[in-house]
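Have a look at the structure below before the remarks.
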Amino acid sequence: MNSATAPTTFEGIVASLPTAPGCTLRFDTVPCRHRAAWFIRKRACCHPDGVDFMCDTCHTRMHWLLTLGVEFECAGCGVRSDSFTALYPTAAPL
């Protein structure tokens, strides 16, 4: 690192970092574009390992839908999830 050209202010250092990840959830095939607030991983039945991200709006929406009694069915094996924990066994705030 060249100390003569390296940024020395907080704003200068943060400006070069990549932006926070965006929400990867889709409702009606439309991708969400909000900034992610949650790290999530779907159940492992038919979903490949990997990380997904969810914003606070989609997080609230999913909880609301599940509270209304909506069940989500896996397109691969047909298993149904009726709770947020069943659908996303791993979920934590970023």
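The values are calculated or read from the model by the stated rules, or taken from the named source; none is laboratory data. Being a predicted model, the structure only gives us computed values, none of them experimental. Please note that ligands, DNA and RNA were not included when accessible areas were found on the heavy atoms of the full protein model with its side chains. Shrake-Rupley method; radii C 1.70, N 1.55, O 1.52, S 1.80 Å.
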Quiz item: From the phi of every residue in region 51-64, what ³J(HN,Hα) in whole Hz does the Karplus formula 6.51 cos²θ - 1.76 cosθ + 1.60 yield, where θ is phi - 60° and glycine or proline is x?
Solution: 9, 10, 10, 9, 7, 4, 5, 5, 4, 5, 4, 4, 4, 5
Quiz item: Non-local amide H neighbours of A36 (under 5 Å, H modeled in plane, Pro and chain starts lacking H): which ones?
Solution: G22, C23
Quiz prompt | Rounded to the nearest 10 Å², the accessible area of T29 at probe 1.4 Å | solution = 120 Å²
Quiz item: Using the Karplus equation 6.51 cos²θ - 1.76 cosθ + 1.60 (θ = phi - 60°), what ³J(HN,Hα) coupling, rounded to whole Hz, does each residue of region 33-42 give in order, writing x for Gly and Pro?
Solution: 10, 7, 5, 5, 10, 10, 9, 9, 9, 5
Quiz item: Can you put D52, D28, D82 in order of accessible area, largest first, using a 1.4 Å probe?
Solution: D28, D82, D52
Exercise. Using the Karplus curve 6.51 cos²θ - 1.76 cosθ + 1.60 with θ = phi - 60°, work out ³J(HN,Hα) for each residue of region 80-94 in order, rounded to whole Hz, and write x for Gly and Pro.
Key: 9, 10, 10, 9, 5, 5, 5, 6, 10, x, 10, 8, 8, x, 6
Practice problem: Could you please state how large a percent of the accessible area of region 54-93 is carbon and sulfur, counting protein chains only and using a 1.4 Å probe? | Solution: 54 percent
